[in-house]
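Heads up: the structure comes next, in structure tokens.
The values are calculated or read from the model by the stated rules, or taken from the named source; none is laboratory data. Every value quoted in this text rests on a predicted model; they were computed, and no experiment measured them. Heads up, the Cβs are rebuilt from the backbone with ideal geometry, glycines too, and the neighbour counts pull from every protein chain shown. For accessibility, only protein heavy atoms count, side chains too; no ligands or nucleic acids. Shrake-Rupley method; radii C 1.70, N 1.55, O 1.52, S 1.80 Å.
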Amino acid sequence: MGNANISDLKIEAVDGGSAPLKPESRSQKPGAIRLLAMDIDGTLLNPQFQIAERDLSALRLAREAGIEVVLVTGRRHRFALPIAEQLGFDLWLISSNGAVTRSLAGETFHRDMMPVETCRKLCGAMQQFRGNTVLTFDQETKGAIVLERMDELNESIRRWLEKNMAYIEFVVPIEKALVRDPVQAMFCGSMERMRKALAALAAAGMDGQVTVLRTEYPERDLSMIDVLNAGCSKGHALERWAAHRGIGREEVMAVGDNHNDVEMLEFAGHPVIMGNACAELRGRGWTVTLGNDACGVAEAVEAVISGQGPVVRV
């Protein structure tokens, strides 16, 4: 896993990708970036939950230069689509923290669902967190999001749910919804409440059966714990996609900001974290760009394209 300065990297086109190939970018160059994996929340989106114009322009320049851009997010596919569509070019989405890899047009490359019986066991072990439990399913109709009630959910999550009411179904008990394999289970709430949920998960005896990923926003007192099938993560999905494209990890740059980005950043030969990244990421010696409030994505991507100036920030 390289920690080279972004300014030392060069670009390389992706054979077989949707991006147009330029003759001058076909030559193999050591350290060339051919695939750019980009997180959405806290990374591509600024604190106003928008894509800054400079960040948007930088990603379009990267695509024109022959770099394949893939969005890698904890959001489910449908909830990530409006962000992806703003980029203005065709690309693939790795959604639900690696569980689904699908194109904007709806073509599915890979799905990694949680077995029904595993999810049933999980729900049983987390009885005291029923009011914090959300199940998601790979469908775009009512029932894509299932919960028992909303009263215990954090205010920020409640607003998200209200925006997705067309997809939400209330089922009591929630196990009745498990007539097919879900994408994942999610527990969400305040930082303190989710610390207790993590402890309960650790005591549930499900090691080796599930992957537990967390995303935290202390300034919003919001924590989300995503429980997926064993071996499912952003990193595993990105590794699978890169292999499909014939791209080595040394040709991959990944940009992220939170705990659920760790596996993706560990896989990428060139991991870059945002200036607003959580402490866990900042302590790993990875390249740091500006924060999402200062177009950190553009700062990193522009440096790769131009090869000018250091990007490492303190």
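Overview of values
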{"read-out": "Rg/Rh for segment 64-164, where both radii come from Cα atoms and Rh is the Kirkwood radius", "value": "1.03"}
{"read-out": "Lys121 accessible area, 1.4 Å probe, all protein chains in place, Å² to nearest 10", "value": "90"}
{"read-out": "Global geometry of segment 124-222, whether rounded, prolate or oblate, following the gyration tensor of its Cα atoms and the 1.5 cut on a/c", "value": "oblate"}
{"read-out": "Mean separation of Cα contacts under 8 Å, 6 or more apart, over the residue count of segment 28-175: relative contact order %", "value": "13"}
{"read-out": "Antiparallel DSSP beta bridges within segment 186-312, as percent of all bridges there, nearest 5", "value": "65"}
{"read-out": "Considering only segment 186-240, percent of DSSP beta bridges that pair antiparallel, nearest 5", "value": "90"}
{"read-out": "All Cα pairs of segment 263-308, percent lying beyond 17 Å", "value": "33"}
{"read-out": "The chain, relative contact order [Cα under 8 Å, separation at least 6], %", "value": "23"}
{"read-out": "Rg followed by Dmax, in Å, when segment 209-264 is reduced to its Cα trace", "value": "13.3, 41"}
{"read-out": "Helix 191-202 axis, angle to the chain major axis (alpha carbon atoms, nearest 10°)", "value": "80"}
{"read-out": "Cys232, Cys278, reordered so the largest accessible area comes first (probe 1.4 Å)", "value": "Cys278, Cys232"}
{"read-out": "Angle between the chain longest axis and helix 234-245 axis [Cα atoms, degrees, rounded to 10]", "value": "50"}
{"read-out": "Span from the segment 48-70 Cα centroid across to the segment 178-218 one, whole angstrom", "value": "32"}
{"read-out": "Rounded tilt (10° steps) of 116-125 against the dominant C-alpha axis of the chain", "value": "60"}
{"read-out": "Pairwise Cα inverse-distance average, inverted: Kirkwood Rh of segment 37-85 (Å)", "value": "11.3"}
{"read-out": "The chain - percent of accessible surface contributed by carbon and sulfur, probe 1.4 Å", "value": "50"}
{"read-out": "Projected label distance in nm at Ala230 and Ala279, using a 7 Å step from Cα toward the beta-carbon", "value": "3.3"}
{"read-out": "Helix-derived mean residue ellipticity, 222 nm - over the chain, DSSP H n ≥ 4, -39500 (n - 2.57), to 500", "value": "-8000 deg cm²/dmol"}
{"read-out": "Bridge type composition, the chain - antiparallel percent by DSSP, nearest 5", "value": "55"}
{"read-out": "Solvent exposure ordering (accessible area, 1.4 Å, most first) of Met253, Met113", "value": "Met113, Met253"}
{"read-out": "Segment 213-314: relative contact order as a whole-number percent, Cα under 8 Å and 6+ apart", "value": "19"}
{"read-out": "Three-way shape label, segment 211-314, alpha-carbon gyration tensor, a/c 1.5", "value": "oblate"}
{"read-out": "With all protein chains modelled, accessible area of Glu152 [1.4 Å, Å²]", "value": "70"}
